[in-house]
Amino acid sequence: LALCEDNLPAPAIADPGEHFKTVLYTGNGSARGITGVGFKPDFVWIKNRDSTYQHQVYDSVRGAGQKLLPSTTNAETTDTANVSSFDSNGFSFAGGNVGVNQDTKNHVAWCWKAGGAAVSNTDGSITSQVSANQTAGFSIVSYTGNGTDNATVGHGLGKVPDVIIVKNRNGGVAWGVWHSSLTSGQVLRLNTNTEAQTPTTAYFQDENNTSSVFALGTNDETNDSDGDTYIAYCWAEIEGFSKFGSYIGNGNSDGPFVYCGFKPAWVMVKSSSNGGTNWRIWDSSRSPTNPNNLDLLANTTHIENAHGSDEIDLLSNGFKIRSIGSW
């Protein structure tokens, strides 16, 4: 067949914007709705780009108004002045909280679609509440720890997950991050800049992850015996839509090219071997042309940083590292 678009296989997701969207808006300090998402989001991550306020995340499983802060160990708090509802084309604020709706300040909201209202999942030894979008490989999972080593939790993805981010909703402990590129037993922590570590008490028993469950250790940050509740955000790779992997830096401005198979709309990078490096986030909405030099740091309150030197290029089939900095 001729090499043309009509003869290529149909992508798994024809319109990626039906499952993920970056929305930019200017705060007004008052109750309002944010539109333009294009779907009813189940997970919303917001950062005030101009002020040093915390990143804030909300999801439909815990309920609107239940706030978590990725850059801290803080337990979940109820704040109805922030996100008050998830709407058909976006989300609403009940007030003017400066972290998400500061008057005249620029904000970004990264929005994912899961599966709507959570359903009970009994695939694991711990019953979970799951909102899953198998098409896009994303699910939100709520469960209660039992302190049992190798306890399993149903995630609803239908595929083995590539990334799992877990937060103890009741305790002031770190965010545990498992990534399929890490050595078995290693974890990263979303709220810190430390390198990947192998904790004495395991967060996950990742060798036992399957297409239906993920397996836990007995660390308080993922599975204590005190009856604490947890929230897990899970991603599985979907060809043409999402990609999870690793690369080795070379220390110069002609850095590694990372193949995705599509033009990425959102990229997060963390060094797994170098302590003191931040979780850097870029997107194609805040910086639609290359080089993409506008990063935000998930583990800090820093404002959006317009770097004088090039950082990355977002390309048609992946991204290329341009920075010579120690990330």
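Data table
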| item | result |
| --- | --- |
| Some residue of region 300-317 being assigned to a loop (DSSP other than H, G, I, E, B), touching a Gly at 6+ places or on another chain (Cβ under 8 Å), in contact (Cβ under 8 Å) with a residue 40 or more places away in the chain and closer than 22 Å to F244 by Cβ | yes |
| Any strands (runs of 3 or more DSSP E) falling wholly within region 30-144 and containing at least 2 residues that are within 25 Å of D162 (Cβ to Cβ) | 43-48, 56-59, 106-112, 119-121, 128-133, 138-144 |
| Subset of region 148-183 (residues that are charged (D, E, K, R) and either touching an Asp or Glu at 6+ places or on another chain (Cβ under 6 Å) or open to solvent by 10 Å² or more (accessible area, probe 1.4 Å) (or both)) | D149, K159, D162, R169 |
| Condition met for V177 (out of contact with any strand residue (DSSP E or B) (no Cβ under 7 Å at 6 or more places or on another chain) and either part of a loop (DSSP other than H, G, I, E, B) or closer than 29 Å to K67 by Cβ (or both)) | no |
| Inter-residue pairs, beta-carbon under 9 Å, first free of Cβ contacts under 8 Å to residues at least 60 places away in the same chain and at positive phi and in region 260-278, second open to solvent by 50 Å² or more (accessible area, probe 1.4 Å) and in a loop (DSSP other than H, G, I, E, B), 6+ apart | G261/E239; G261/K243; G261/N317 |
| Residue, surrounded by the fewest Cβ atoms within 10 Å (Cβ to Cβ), within region 215-246, restricted to residues that are of a type outside the set (V, I, T) and in a strand (DSSP E or B) | A215 |
| Complete set of residues in region 87-105 that are at pLDDT 95 or above and open to solvent by less than 20 Å² (accessible area, probe 1.4 Å) | G90, F91, F93, G99, V100, N101 |
| Residues that are open to solvent by 10 Å² or more (accessible area, probe 1.4 Å) and of a type outside the set (F, W, Y), drawn from region 112-125 | K113, G115, G116, A117, A118, V119, S120, N121, T122, D123, G124, S125 |
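Results for (1) within 20 Å of D283 (Cα to Cα); (2) open to solvent by 40 Å² or more (accessible area, probe 1.4 Å); (3) in contact with a Leu (Cβ under 7 Å, 6 or more places away or on another chain), shown as yes or no for each residue.
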| position | (1), (2), (3) |
| --- | --- |
| A12 | no, yes, no |
| T26 | yes, yes, no |
| I34 | yes, no, no |
| V37 | yes, no, no |
| Y53 | yes, yes, no |
| Q56 | yes, no, yes |
| G63 | no, no, no |
| E76 | no, yes, yes |
| V83 | no, no, no |
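The values are calculated or read from the model by the stated rules, or taken from the named source; none is laboratory data. Please read all numbers here as calculations on a predicted model, not as lab measurements. Quick reminder, even Gly has a Cβ in these numbers, built from the backbone with ideal geometry, and neighbours come from all protein chains shown. For accessibility, only protein heavy atoms count, side chains too; no ligands or nucleic acids. Shrake-Rupley method; radii C 1.70, N 1.55, O 1.52, S 1.80 Å.
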